[in-house]
Amino acid sequence: MGSQRAHGPVAHAPGADSRRARRQAETTTRKAAGPVSGRLLARGGVLAALAGITVVLPLTDHVQPGNGTYVAQAYAVGAELPSTVQALTSNAVDVTPPPSIAASSLPVGRSAMPAASRAEERSALLGCDGATRPAGANGQLGTDDLCMLWNGEDRLRADAASALAEMNLAFRARFGRDMCVSDGYRTLTEQRIVKRQKGGLAAVPGRSNHGWGLAIDLCSTDTHGEPWEWILENGSIYGWENPAWAQRSGSGPFEPWHWEYTRGVMESGEYYNS
C-alpha cells in the first residue's frame, strides 16, 4: 500500500511556537520604543561614520577674465555636504583657502612699497643729496659739500648735479655713453685764470655762474650732430638750458657749450655769462 498524506492542519515541530513568540516579542519591543530611539540610533551611526571620514574640499584655480589673475575658489564635495554636516554637528564647514594659497592670489602688499619708494627717491648721482645747499660766496663754496660728477673731475651744487645726472642717464640710454662735460664749478682763483685766458669770453671773477656750481661747459663732441640736437630738445626737461645770451644773436658771446641750471640761477639772481 502506498503512503497516505494527512489532510487538515499541519503539525508543528516542537519548539517552533517558542521561536515565533520571541520574534513577536522583539517586534513589539521595537514598536514600543518608538521613532525617537530609531532616529537616535540612525544619527549615532551617521556621526560615527562622519567621525572616520576626512572631508576634502579641493581648491581649483581659474583665470579671472580681463586681467589674467589667478583666483582661488573652494568647492565642497557634493552640493548638500555643508548643510548636512551642519545639521548633524551644529558646526559650519570652513571653506576658506589655506593661507599659503590665499596669499598667492593677493596683490602686492604695502610691505613691498617702501623699498620701491626708497629706490625712486635715491639720487641719480651716487652719494649726492639733491637738497644740500653749500654755504659760501661765489667761487668760495665748500667743495666737500658739492657733488662730484660722473667724470670724477667736475663738481656742481647738489641740486644742479642731481638734475644733470638724471639727464645724463637718459642721454646714455640714447647714445650708449655719458655726456662729456669739460668744466663745472670754478673757484675764485680758477675764474681769474679763465678770465686772463679768454678775456671777454669769460665773466668777471666772482660773478660767474660757474662760481655758484650752477653752470657747465660741454665738450665740443656734444655741441654738434645728434647728441647736440638731443641736448637742445631735452635739456629743459631736466632744468638745464643754454641761456639766451649765449645763443646765436644773443646779447653775449655765442657759447653753445655753456649750459646753466635755470632754477638755481634764478634763485641766486646771477645772470652772468661763462
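Values in this text are rule-based calculations from the coordinates and carry no lab data. Since we're looking at a predicted model, the values are computed, not measured. Please note: Cβ atoms are built from the backbone with ideal geometry, for glycine as well, and neighbour counts cover all protein chains shown.
Placing dummy labels 7 Å off each Cα toward the beta-carbon, the span from Ala173 to Asp144 is 3.6 nm. Working from the Cα coordinates of segment 126-268, the gyration tensor eigenvalues give, after taking √(5λ), semi-axes of 22, 20, 13 Å in decreasing order. Among Asp144, Asp178, a tally of other beta-carbon atoms within 10 Å of each Cβ gives an order, fewest to most, of Asp144, Asp178.
Taking the square roots of 5 times each eigenvalue of the Cα gyration tensor of segment 152-223, largest first, gives ellipsoid semi-axes of 25, 14, 8 Å. When Met266, Met179 are sorted by how many other C-beta atoms sit within 10 angstrom of their C-beta, beginning with the fewest, the order is Met266, Met179.
Evaluate E = 1/(1 + (r/R0)^6) for His224 and Glu190, where r is the Cβ-Cβ distance and R0 equals 30 Å; express this FRET efficiency to the nearest 0.05. That gives a FRET efficiency of 0.70.
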